[in-house]
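To keep things clear, I will list the structure first and then write my remarks on it.
The values are calculated or read from the model by the stated rules, or taken from the named source; none is laboratory data. For clarity, every value in this text was computed on a predicted model and none was experimentally measured. Here the Cβ is made from the backbone with ideal geometry for all residues, glycine too, and neighbour counts use every protein chain on show.
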Amino acid sequence: MDNQPDDEDNAPLANPEQGDVPVEAGGEAGATSEVILSTRTSRAWIRLLPILIVLVVILVFVFQNPKDAKVSLFTLSGTLPLSVALLGAVILGALMALALGSMRIFQLRRQVHRKTEGSEGDNRRLR
């Protein structure tokens, strides 16, 4: 998103000092050797693998639990596939945990902000 290079982007994958051989550009014996650098895009593909595994597990769960279950929430009631009802409960639980965690982070940031304002005020009085 920003135009500044990442230090991680410039990290070489092959390190000749540790016994690894750098990958050569071209296949010629006289060609200069170039080290292939890691990029954000290559790291994004590696991070995508766990997401795909979770998606496959969720799909298997949905297809193995097609039976209908009666679901009631306050005055609403109806029937849903069991897997959809359970996934909905998990999503609602995750949203509640996210909301509570966000409120706690907000409280902690506010406390830190108050403490830093107080310490800056003390430093101004000393000058």
Practice problem: Take the range 77-127 and flag every residue that is among the charged types (D, E, K, R) and either at pLDDT below 90 or in contact with a helix residue (DSSP H, G or I) (Cβ under 6 Å, 6 or more places away or on another chain) (or both). | Solution: 114, 115, 117, 120, 122, 124, 125, 127
Quiz item: Which one of the conditions (1) over 26 Å from residue 56 (Cβ atoms); (2) part of a helix (DSSP H, G or I) does residue 95 fail to meet, given that it meets all the rest?
Solution: (1)
